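What follows is a set of notes on a single structure, which appears directly below.
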Amino acid sequence: MYDIIIIGAGTAGIAAYKEAIKHTQNILIINDGPWDTTCARVGCMPSKVLISTANRMYDIQHAEEVSLNVESKIDTSNVMSHVRQLRDRFTAATIRDVNSWPSEHKISGKASFKNANTILVNNKEYQAKSFILAVGSTPTFDQKWKDELGEHLITSDQVFELETLPKSIAVIGSGVIAIELAQAMHRLGVNTTIFARSKKVGSLTSSNLQELAQQTLNKELNIKFEVLPDSVNKTEKGVNIKFTENNESKNINVEFLLVATGRKSYLNTLNLSSISKDFENIRNLPVHSETKQLADFPIFITGDALTTTPLQHEAANEGRGSVHNCLNYPQVKNIKTLTSLGIVFSSPEMATAGQSFKRLKQQNIDFITGFVSYEKQGRAIVLGKNKGAIEVYIDKKSRKLLGAELFVDSAEHMAHLLSWMIHQDITLDEVLDQAYYHPTLEEGLRTAFKHARRQLNVAH
Ligand SMILES: Cc1cc2nc3c(=O)[nH]c(=O)nc-3n(C[C@H](O)[C@H](O)[C@H](O)COP(=O)(O)OP(=O)(O)OC[C@H]3O[C@@H](n4cnc5c(N)ncnc54)[C@H](O)[C@@H]3O)c2cc1C
């Protein structure tokens, strides 16, 4: 009987294996499909390569923002092979790592439970004292559309495999993955139409910032808010999409339909109902939100398989933490220990650090919002990136920094600073005592904090 069996070798599973091996050799990790992680193969990394090339192209074509006249002729024919080349470099690093593990620790195959301490893989049974379920998720799409469109319906799993950039694409969805990919495609010269079920883009929960993001992104992108296709049909060259906009029937032809409307968990492959009848509905599993324990079994669910934070760093942290819950069972600890940090690589970037506006409201917390617009922010003007705004949320009583939402250039860096400060549990006054170099985008943060302080001082 193994000490731990880890099911799934993505970010969470690999992090769990690397932690477990420090404590026991009696472990097994099982993975269905490639061993190079969703993040490196079809997620974080290839998407960021595409976005980085797209943003460079945008900057060249908009060099007038810093007073340069550029006559650019840009050849994009190598963009997709560049994406794959860098992607292969990142996946190769992971595969090298996995190849260095003892072969008796690894099995390729799909695992499913026979009972609470037995699993089946390739028709063989394996038993363990505890399990880490790190099976991740897969993009959702309408099977009827897929049957009709065949390879012209793609998801993030296929988009990076396109030989060359298409001439046109329709993106369904306006969430994080949809917006990142759609804006990159648009900036690379692909005629891009976005169909959004609701009036929401990306991740921002503050209505002020959400509205600003919608307006700003809609100036650049063709986003059809609250419009979805009425029908999709295969044509000789791609896809015909019929839709209704302002009570008018319309249609467009595109080469590909990219569906980015969410992901579904692979927990349904594990036959969890063989452990307990209560686990038949995987959407309603009794999993503790902090320890990630499944009911009172020595089974822990980590990463995208079941989470409110489908992010690489959260998956890795949960993977590591769950090992200690397995080894110390029945003593189990909170493994959701990180201060929230979420980034959308749109342009301007969106980010949330600490508690979001929505979360604070839901908890009825009495807080002040400090606001700064970046339209007149000195450094942002210098950079030709003077768009967007930031909100910081301060607890009225304790004056502690609780959270922030950002829609601004370089949000990825400022959100890190903010999340680290929130983790230190510091007050607004302590934040304002820090150094702010001039001229930087961080000075805008100080403006937001001062705005909050003025309101607090009036309130008392
Ligand atoms: C397009 C895109 C962009 C993204 N960008 C970012 C980003 O910029 N930053 C960020 O933090 N996050 C990003 N993410 C999210 C990030 O990729 C995920 O949070 C992370 O990969 C989750 O890791 P995981 O270990 O839970 O799952 P995975 O890495 O998906 O691993 C799960 C593994 O389990 C295997 N498996 C499934 N069922 C079974 C079974 N029954 N038996 C055995 N094995 C099984 C799967 O085949 C897979 O190999 C992005 C995701 C996408 C799709």
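For the reader, a short list of remarks on this structure follows.
- Subset of the range 125-153 (residues that are away from the ligand (no atom under 12 Å from the Cβ) and among the aliphatic types (A, V, I, L, M)): A128, L149, L153
- Within the range 278-297, residues that are within 22 Å of R320 (Cβ to Cβ) reach partners that are among the basic types (K, R) and surrounded by 14 or more Cβ atoms within 10 Å (Cβ to Cβ) with beta carbons closer than 8 Å, at six or more positions or on different chains, in the pairs S289/K336; E290/K336; K292/K336.
- Residue check, V159 among the β-branched types (V, I, T), closer than 16 Å to A54 by Cβ and out of contact with any Asp or Glu (no Cβ under 8 Å at 6 or more places or on another chain): yes
- Filtered residue count, the range 78-134, keeping only those that are among the basic types (K, R) and either within 23 Å of the chain's Cα centre (by Cα) or under 30 Å from L162 (Cα atoms) (or both): 5
- Residue that is farthest from the ligand (Cβ to nearest atom) [pool: residues in the range 154-212 that are within 14 Å of K224 (Cα to Cα) and basic (K, R)]: K199
- Residue in the range 294-311 that is nearest to L406 (Cα to Cα), counting only those that are away from the ligand (no atom under 13 Å from the Cβ) and surrounded by fewer than 16 Cβ atoms within 10 Å (Cβ to Cβ): A295
- Those strands (runs of 3 or more DSSP E) lying entirely in the range 356-460 with at least 2 residues in contact with a Pro (Cβ under 6 Å, 6 or more places away or on another chain) and at pLDDT 95 or above: 401-408
- Among the numbered conditions (1) among the acidic types (D, E); (2) touching a strand residue (DSSP E or B) at 6+ places or on another chain (Cβ under 8 Å); (3) within 16 Å of the ligand (Cβ to nearest atom), the only one that E314 does not meet is (2).
- When the criteria are applied in full, G43 meets the requirement of being in the same structural domain as I299 (by TED's automatic domain parsing), buried (at least 19 other Cβ atoms within 10 Å of the Cβ) and within 16 Å of the ligand (Cβ to nearest atom).
- Within the range 243-259, being touching a residue at least 40 places away in the same chain (Cβ under 8 Å) and either out of contact with any Asp or Glu (no Cβ under 9 Å at 6 or more places or on another chain) or away from the ligand (no atom under 16 Å from the Cβ) (or both) holds for F243, I252, N253, V254, E255, L257, L258.
- Cross-chain or 6+ apart pairs with Cβ under 6 Å, the range 362-382 first and under 19 Å from H451 (Cβ atoms) and surrounded by 15 or more Cβ atoms within 10 Å (Cβ to Cβ), then at pLDDT 95 or above and of a type in the set (D, E): F367/D395; T369/E391; F371/E391
- Enumeration of residues in the range 313-324 that are buried (at least 23 other Cβ atoms within 10 Å of the Cβ) and of a type in the set (S, T, N, Q): S322
- The set of residues in the range 221-242 being within 22 Å of the chain's Cα centre (by Cα) and without any contact (Cβ under 8 Å) to a residue 40 or more places away in the chain consists of L221 alone.
- Counting only residues that are buried (at least 16 other Cβ atoms within 10 Å of the Cβ) and of a type in the set (D, E), the range 426-449 holds 2 of them.
- Within the range 142-174, the residues that satisfy the criterion of being crowded, with 20+ Cβ neighbours inside 10 Å, part of a helix (DSSP H, G or I) and within 18 Å of the chain's Cα centre (by Cα) are S156, V159.
- Just so you know, in the range 275-293 the residues that are more than 13 Å from the ligand (Cβ to nearest atom) and assigned to a helix (DSSP H, G or I) include one that is surrounded by the fewest Cβ atoms within 10 Å (Cβ to Cβ), and it is K277.
- Residue match in the range 225-242 (condition: closer than 30 Å to S72 by Cα, more than 16 Å from the ligand (Cβ to nearest atom) and in a helix (DSSP H, G or I)): no
Results for (1) part of a strand (DSSP E or B); (2) within 24 Å of the chain's Cα centre (by Cα), shown as yes or no for each residue.
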{"residue": "F300", "(1), (2)": "yes, yes"}
{"residue": "S322", "(1), (2)": "no, yes"}
{"residue": "C326", "(1), (2)": "no, no"}
{"residue": "P330", "(1), (2)": "no, no"}
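- Selection status of E255, over 30 Å from L360 (Cα atoms), in contact with a strand residue (DSSP E or B) (Cβ under 6 Å, 6 or more places away or on another chain) and modelled with pLDDT of 95 or more: yes
- Selection within the range 1-28 - in a loop (DSSP other than H, G, I, E, B) and either among the aliphatic types (A, V, I, L, M) or within 15 Å of the ligand (Cβ to nearest atom) (or both): M1, G8, A9, G10, I21
- The residues in the range 75-115 that are in a loop (DSSP other than H, G, I, E, B), surrounded by 15 or more Cβ atoms within 10 Å (Cβ to Cβ) and either more than 16 Å from the ligand (Cβ to nearest atom) or charged (D, E, K, R) (or both) can be counted, and the count is 2.
The values are calculated or read from the model by the stated rules, or taken from the named source; none is laboratory data. It should be emphasised that the depicted structure is a prediction, and the values quoted were computed from it without experimental measurement. Neighbour counts run over all protein chains shown; Cβ positions are idealised from the backbone, glycine included.
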